[in-house]
Amino acid sequence: MLKASNTSIQKQLSVAITIIGKYDFPQKWENLMDELVGHLQSSQDFNVINGVLSTMHSITKRYRYELKSEELWTEIKLVLTKFVEPLTKLFVKIHEDLPNYSTNKTAVKVLTDSLVLCSKIYYSLSYQEIPEELEDSLDTWMPRFENLLMLENEIINNDATEYEPTSIENLKSNIIEIVNMYTQKYDEEFNRFLQPFIMKIWELLTKSQEAPRFDILVFTGINFLTTIARRAQTQEIFGVDDPNTNEP
């Protein structure tokens, strides 16, 4: 998985790892996390780094749909303990470095793919409940997620097709899904970040082009804003009167 340069081969290996991980990790694959973290921290090759991230996404995405159990939470806790800190450091580094590679066609595509994978893993690790490791780093992740909602790159846009979302659209859709989940499930912890996200997502939708490649992004954004608009505490942002008052 770490050495595969062909995307289709990586996808096939990803499916295999998902199946193996479901049955063997962590009891029969005890050294997996240490190996992945070692590669993540030592490699300067983002093809290898993205192989690590793809592997982690393959393992963690089942956390989104499996029923809560002590066994499952023990596994998630192991992943959190070993992987969240290096994942966070990598995410911060990519966010800081991305503007420096905005005109490098190969680099900007690889780095945005890395951000897409980081956001997918973040979503999966947050799904069952908000863990202490991620709650403590909200101030690191959320402002950067907010900033990435406005990300644009001429090289990626110029290479885009009419129908296929680019890595930038996929990244923004993932971030909106994270925001939507945190708003609905972890309101107390997330509420202080909410209003800037609402404004950014609203702005993003007003600027989206009428092309099929933006369909998922627009749908995700509208779904989020529809949910938010129904909340009494956010209705004033949308200019909606509170039906429980007599005020116009």
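Couple of notes before you dig in:
- Using only side-chain charges placed at the Cβ, +1 for Lys and Arg and -1 for Asp and Glu, the dipole size of the chain relative to its Cα centre rounds to 720 debye.
- Surface per residue (accessible, 1.4 Å probe) for the chain, Å²: 54
- Springs between Cα atoms under 10 Å define the GNM used for the chain, and in it the highest mean-square fluctuation of 52, 116, 15 occurs at 15.
- Each residue of the stretch 211-218 was assigned a 3J(HN,Hα) from its phi angle through the Karplus expression (A = 6.51, B = -1.76, C = 1.60, θ = phi - 60°), giving 9, x, 5, 9, 4, 5, 4, 5 Hz with x at Gly and Pro.
- Where GluC sites (Glu not before Pro) fall in DSSP loop in the stretch 16-122, at most 11 other Cβ within 10 Å: 30
- Derived scalar couplings ³J(HN,Hα) [the stretch 149-160; Karplus, 6.51 cos²θ - 1.76 cosθ + 1.60; whole Hz; x for Gly, Pro]: 4, 9, 5, 9, 8, 5, 5, 5, 5, 5, 8, 6
- Under the combined filter of DSSP loop state and at most 16 neighbouring Cβ atoms within 10 Å, the stretch 135-204 retains these GluC sites (Glu not before Pro): 152, 162.
- Residue-count net charge about residue 75 - beta-carbon cut-off 11 Å; Lys, Arg +1, Asp, Glu -1: 0
- Tilt relative to the chain, helix 187-207 - C-alpha long axis, 0 to 90 degrees, to 10: 80
- Among 104, 223, 158: highest mean-square fluctuation, GNM of the chain, C-alpha pairs under 10 Å: 158
- Computed [θ] at 222 nm, helices only, for the chain once each DSSP H run of length n ≥ 4 contributes -39500 (n - 2.57): -22500 deg cm²/dmol
- Amide hydrogen proximity for residue 149: with H placed 1.01 Å from N in the peptide plane, no residue at 5 or more positions away or on another chain lies under 5 Å.
- Among the chymotrypsin sites (Phe, Trp or Tyr not before Pro) in the stretch 140-187, those placed in a DSSP loop whose Cβ has at most 10 other Cβ atoms within 10 Å are 163.
- Among 111, 67, 13, the largest mean-square fluctuation in a Gaussian network model of the chain, built with springs joining Cα atoms closer than 10 Å, belongs to 67.
- Helix 105-127 vs. the chain, principal-axis angle (Cα, 0 to 90°, nearest 10): 80
- Taking 30 Å as the straight-line reach from the Cα of residue 200, the lysines in range (excluding those fewer than 8 positions away in the same chain) are 61, 89, 93, 105, 109, 120, 172, 185.
- Summary value for the chain: 16 percent relative contact order, contacts being C-alpha pairs under 8 angstrom separated by 6+ residues.
- Cα long-axis angle, helix 70-97 against the chain (0 to 90 degrees, to the nearest 10): 80
- The 1.4 Å probe gives accessible areas that order 49, 155, 20, 216, largest first, as 216, 20, 155, 49.
The values are calculated or read from the model by the stated rules, or taken from the named source; none is laboratory data. Just so it is clear, the structure is predicted and the values come from calculations on it, not from any experiment. Virtual Cβ from ideal backbone geometry, glycine too; neighbours counted across all protein chains shown. Protein only, heavy atoms only, side chains kept; ligands, DNA and RNA dropped before computing areas. Shrake-Rupley method; radii C 1.70, N 1.55, O 1.52, S 1.80 Å.
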